[in-house]
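S.K.: Submitted below is the structure of interest, expressed as structure tokens.
The values are calculated or read from the model by the stated rules, or taken from the named source; none is laboratory data. Because the structure is predicted, anything quoted here is derived from the model rather than measured. Glycine gets a Cβ as well: all are built from the backbone with ideal geometry, and neighbour counts include every protein chain shown. Side chains included, ligands, DNA and RNA excluded: accessible areas come from the protein's heavy atoms. Shrake-Rupley method; radii C 1.70, N 1.55, O 1.52, S 1.80 Å.
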Amino acid sequence: MPETNRQIVLDQIPQGRLGPEHFRLIETAPPTPADGEALVRTRYISLDAANRAWMQGATYRSALSSGQVMAGGAIGEVVESRDPSLAPGDLVSGDIGWQDYAAVPARRLQKLPRMEPVTHLMSVFGVAGLTAYFGLLECGQPKPGESVVVSAAAGSVGSLVGQIAKIKGCRVVGIAGGRAKCDWLKAELGFDEALDYKSGELKRLMREALPGGIDVYFDNVGGDIFEACLFAMNVHGRIACCGAVSQYDGPAPAHGPRGIPGLIVTKRLTLRGFIVSDFNAQRDAALKDLEGWVAEGRLKVQEDILEGLENTPAALIGLLAGENRGKRMVKV
């Protein structure tokens, strides 16, 4: 055991955009696990837009407060265990936080299989892949031949949503920021069309790419893009509400998406919000599908791996600015 444990602390709650000044790196003694806990050495930290949302208030977890070790999902290795369900050397995932070592109740850790690359346990076989799978298939319920639109399409979830929709026989249109990402979605991931929301012409591009309207919209961003897609939805369309990254970082929007509730009523739309844990009972079946599609080459995995615990704040800030393609994580 080393003598120190590096931790990234949320030094202050941001009132505007998140910046490096909101974090602080400290060193403490490594914790000692109590009965029922395991001491875990962090290997990879997940970077997610939800990290920023936790700073705004309670969501599906409690809100973060200043002075707290920055929360976040991670993959780690058990160093010491005081619970019979875990042993040294076990690979686990959980809300381990931005630190080298953490003492975590064993009931809050999930034991993971050994595989290479281990990073796939955080991307396609982790929360990102399962979120894409359940959000699209259970909430969106796409049918062959339907038009599926996904926002933040080059991100960790969106890039998988589009590919799964193609596997299910749908026509897929992605919305992403910048020409380079849009070209990548089409050339590498097989999207039928990709629209650059930064062009300032999203509504026109949508009319051209989707003359028959949208049957399923997988929403990762909220805001103006949600509104544009809402107006293009077909009667009895389905919207899977996964996140609202456009509203996490910075001042509150001037207005909410227009067309609510009017268009929901007249188009008889179904909107469903969800989190991945809603579908824990179906997890094994989903992983079997995902593993099969990856092995067959039908589902491509894009990962964006940065190195160094000290670089985690910059990695999150960059993710919120749209720097990444695929799943972003930090190797500790």
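S.K.: Between Thr32 and Ala321, how many nm apart are label points set 7 Å from Cα along the C-beta direction?
M.R.: About 4.4 nm separates the two model spin labels.
S.K.: In what sequence, highest mean first, do 161-168, 257-264, 321-328 appear when ranked by Cβ atoms within 10 angstrom?
M.R.: Per-residue mean Cβ counts within 10 Å order the peptides as 161-168, 321-328, 257-264.
S.K.: With charges set only on the Cβ (+1 for Lys and Arg, -1 for Asp and Glu), what does the dipole of the chain come to about its Cα centre, in debye to the nearest 20?
M.R.: On the way: 36 positive and 38 negative charges, 210 e Å.
Computed about the Cα centre, the dipole is about 1000 debye.
S.K.: Please report the spacing between the Cα centers of the range 243-288 and the range 197-214 in Å, no decimals.
M.R.: 20 Å
S.K.: What is the spread of the Cα atoms of the range 120-236 along each of their three principal axes, largest first, in whole Å?
M.R.: 39, 32, 26 Å, listed from the longest principal axis down.
S.K.: Moving to a separate point now. Provide the per residue accessible area, probe 1.4 Å, for the chain, rounded to a whole number of square angstrom.
M.R.: About 44 Å² of surface per residue is accessible.
S.K.: Also, I was wondering about something else. How much of the DSSP beta bridge set in the chain is antiparallel, as a percent to the nearest 5?
M.R.: For the chain, the DSSP antiparallel bridge percentage is about 55.
S.K.: Let me ask something additional. Of Pro261, Leu109, Val330, whose Cα points farthest to the positive end of the dipole of the chain (charges on the beta-carbon: +1 Lys, Arg; -1 Asp, Glu; origin at the Cα centre)?
M.R.: The Cα lying farthest towards the positive end belongs to Pro261.
S.K.: List the lysines whose Cα sits under 29 Å from the Cα of Lys267, skipping any in the same chain fewer than 8 residues away.
M.R.: Within the straight-line cut-off, Lys267 pairs with Lys143, Lys166, Lys168, Lys198, Lys203.
S.K.: Return, ordered by residue number, the residues of the range 91-128 whose backbone nitrogen is under 13 Å from a label point located 7 Å along Cα→Cβ of Lys331.
M.R.: Once the point is set 7 Å along Cα→Cβ of Lys331, 117-120 turn out to lie under 13 Å by backbone N, inside the range 91-128.
S.K.: Calculate what fraction, in whole %, of the accessible area of the chain sits on carbon and sulfur atoms when a 1.4 Å probe is rolled over the protein chains.
M.R.: Answer for the chain is 50 percent, counting heavy atoms of protein chains only.
S.K.: If one computes P(r) from the Cα atoms of the chain, what percent of pairs lie at distances over 36 Å?
M.R.: 20 percent
S.K.: Taking the dipole about the Cα centre of the range 160-300, with the C-beta of Lys and Arg at +1 and of Asp and Glu at -1, give me whichever of Gly190, Ala180, Met233 is farthest to the positive side.
M.R.: Met233
S.K.: Provide the convex hull volume over Cα atoms per residue for the range 272-332, in Å³.
M.R.: Working: hull volume 8.9 nm³, N = 61.
It is 145 Å³ per residue.
S.K.: So how exposed is Ser46, as accessible area in Å² (1.4 Å probe, rounded to 10)?
M.R.: Solvent-accessible area, nearest 10 Å²: 10 Å².
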